[in-house]
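Here the structure is laid out as structure tokens; the discussion comes afterwards.
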Amino acid sequence: MFFLTITAKELSALEDQLNGEKLLATKCKAYAQVCEDPELRQKMETLAGKHQQHYEKLLSFLN
């Protein structure tokens, strides 16, 4: 089995990125809920999904 050791600085950067992706997913979901334009709503929902995927991928590096 192969393990990588990450530095405290790398861990901090990963935490910052996780927080940013989670915030973007949350904001895009909120914007989609209040958007009256169906095309724009769909784009916001798509972006929310992409940021959620990014969050989950980054989180997987910690497991």
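The values are calculated or read from the model by the stated rules, or taken from the named source; none is laboratory data. Note that this is a predicted model, so its numbers are computed, not measured. All Cβ positions, even for glycine, are placed from backbone atoms using ideal geometry, and neighbour counts span all protein chains on display. Ligands, DNA and RNA are stripped out before the accessible areas are found, and what is left, the full protein with its side chains, is counted by its heavy atoms. Shrake-Rupley method; radii C 1.70, N 1.55, O 1.52, S 1.80 Å.
Points worth noting:
- All of Glu15, Glu39 fail the test of being modelled with pLDDT of 95 or more, of a type outside the set (A, V, I, L, M) and open to solvent by 100 Å² or more (accessible area, probe 1.4 Å), apart from Glu39.
- Neighbours by Cβ (under 9 Å, 6+ apart or cross-chain): first from region 28-46, touching a residue at least 12 places away in the same chain (Cβ under 8 Å) and β-branched (Val, Ile, Thr); second open to solvent by 100 Å² or more (accessible area, probe 1.4 Å) and in a loop (DSSP other than H, G, I, E, B): none
- Subset tally (residues that are open to solvent by less than 90 Å² (accessible area, probe 1.4 Å) and among the polar types (S, T, N, Q)) for region 1-12: 2
Here is a yes/no grid of residues against (1) open to solvent by 90 Å² or more (accessible area, probe 1.4 Å); (2) within 26 Å of Thr5 (Cα to Cα); (3) in contact with a His (Cβ under 9 Å, 6 or more places away or on another chain):
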site	(1), (2), (3)
Leu24	no, no, yes
Ala30	no, no, no
Lys43	yes, no, no
Tyr55	no, yes, no
Ser60	no, yes, no
Asn63	yes, yes, no
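- Filter result (in a helix (DSSP H, G or I) and among the aliphatic types (A, V, I, L, M)) within region 41-63: Met44, Leu47, Ala48, Leu58, Leu59
- So Gln17, is it touching a residue at least 24 places away in the same chain (Cβ under 8 Å) and either under 27 Å from Thr7 (Cβ atoms) or outside any helix (DSSP H, G or I) (or both): yes
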